[in-house]
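Take a look at the structure below.
The values are calculated or read from the model by the stated rules, or taken from the named source; none is laboratory data. On a predicted model such as this, the values are computed, not experimentally measured, just so you know. Ligands, DNA and RNA are excluded from the accessible area calculation, which covers all protein heavy atoms including side chains. Shrake-Rupley method; radii C 1.70, N 1.55, O 1.52, S 1.80 Å.
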Amino acid sequence: MNVPKPKIRSQLRRKLGKEFYIIKRKWDWMKKSQSFAKTQILELLPEVVFSHKSFLLRPLKDVDMQLQINKITNLELANERISKIVIPPGKTFSFWYLVGKPSSAKGYLPGLILNQGRIESGVGGGLCQLGNLLFWMIMHSPLEVTERYRHGFDVFPDVNRKIPFGAGATLAYNYIDFQFKNTTDITFQLELYLTKEYLNGNLRADKPLQYNYELIEADHLIKHQSWGGYTRHNRLVKKVIDKENNELVEEDVKIENNAIMMYEPFLED
């Protein structure tokens, strides 16, 4: 598991590359517009497949707390476009297709973003928390993740981490997207809302599921690389369990994570 030392691209190259991929994505949307889930229905589907929540405000070393406070506004705006969206059989959910570009004109505020492992401020920052929550819920269902990215850097230590390292989905408008497809005969629905402390999510369905789904960590490893830095590795294994007899039906490695650590491991408290 050797990982090369990260290359620092020039600002011009990053800007031009970003614009190219944004235009490419928009063209792709035009060609495939009929395949995306677009409809929000106020009435909630009856079956709760999986629920999850995550803390809104988490004190982080050397990070302005105002960026996290602003994040709450950003999450509320994005939730308005996604919550209660239905994903019928054959349709694909795309985060950015539904949310659109997060701009100050739409009310988005500066929040925390990660740029090549560095913490920065950017309009619409903090939406990765929503991407993480969606990924975790979808992986506990039969829905098929078709596009998912994760930061190549592990920026923060595991303080109060409730889920395995690497079990999330990073986002950047619009070329770094989170997408999943409904390949079943069941209609699903996302329900998202904020309380005082948490971002909350429920994945719902129009009928009960035959199986339960689990996502577990395997082969976790921290390695000292030859160029001096540390890297972190693991695999995320998805288990499918028959509800009726509680028997394991399928077990498959879905994700392999390899990230450069931005903090010193093995330090005692």
- In Å, what Rg and Dmax follow from the Cα atoms of the stretch 158-250? 17.7, 53
- Message: From the Cα trace of the stretch 15-54, what convex hull volume per residue do you get, rounded to a whole Å³?
- Response: 158
- Can you pull the percent of the chain's accessible area that's carbon plus sulfur, 1.4 Å probe, other chains left in place? 51
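Kirkwood Rh, Cα Rg: Rg to Rh for the stretch 20-150?
Result: Rg/Rh = 0.97.
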- Query: Excluding ligands, DNA and RNA, what is the solvent-accessible area per residue of the stretch 87-226 at a probe of 1.4 Å, expressed in Å²?
  - Reply: 42
- Message: Using only alpha-carbon positions, what ratio does the radius of gyration of the chain give when scaled by 2.2 N^0.38 Å?
- Response: 1.03
- Setting aside same-chain residues fewer than 8 positions from LYS71, which aspartates and glutamates have a Cα under 15 Å from its Cα? GLU80, GLU120, GLU197
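Can you list, largest first and rounded to whole Å, the semi-axes you get for the stretch 74-119 by taking the square root of 5 times each eigenvalue of its Cα gyration tensor?
Output for the stretch 74-119: semi-axes of 25, 15, 9 Å.
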- Task: Considering only GLU250, GLU191, GLU147, give the residue with the highest GNM mean-square fluctuation for the chain, with springs between Cα atoms whenever their separation is below 10 Å.
- Result: GLU250
- Query: Taking the chain as a Gaussian network, Cα atoms linked when under 10 Å apart, which of ARG204, ARG13, ARG148 shows the biggest mean-square fluctuation?
  - Reply: ARG13
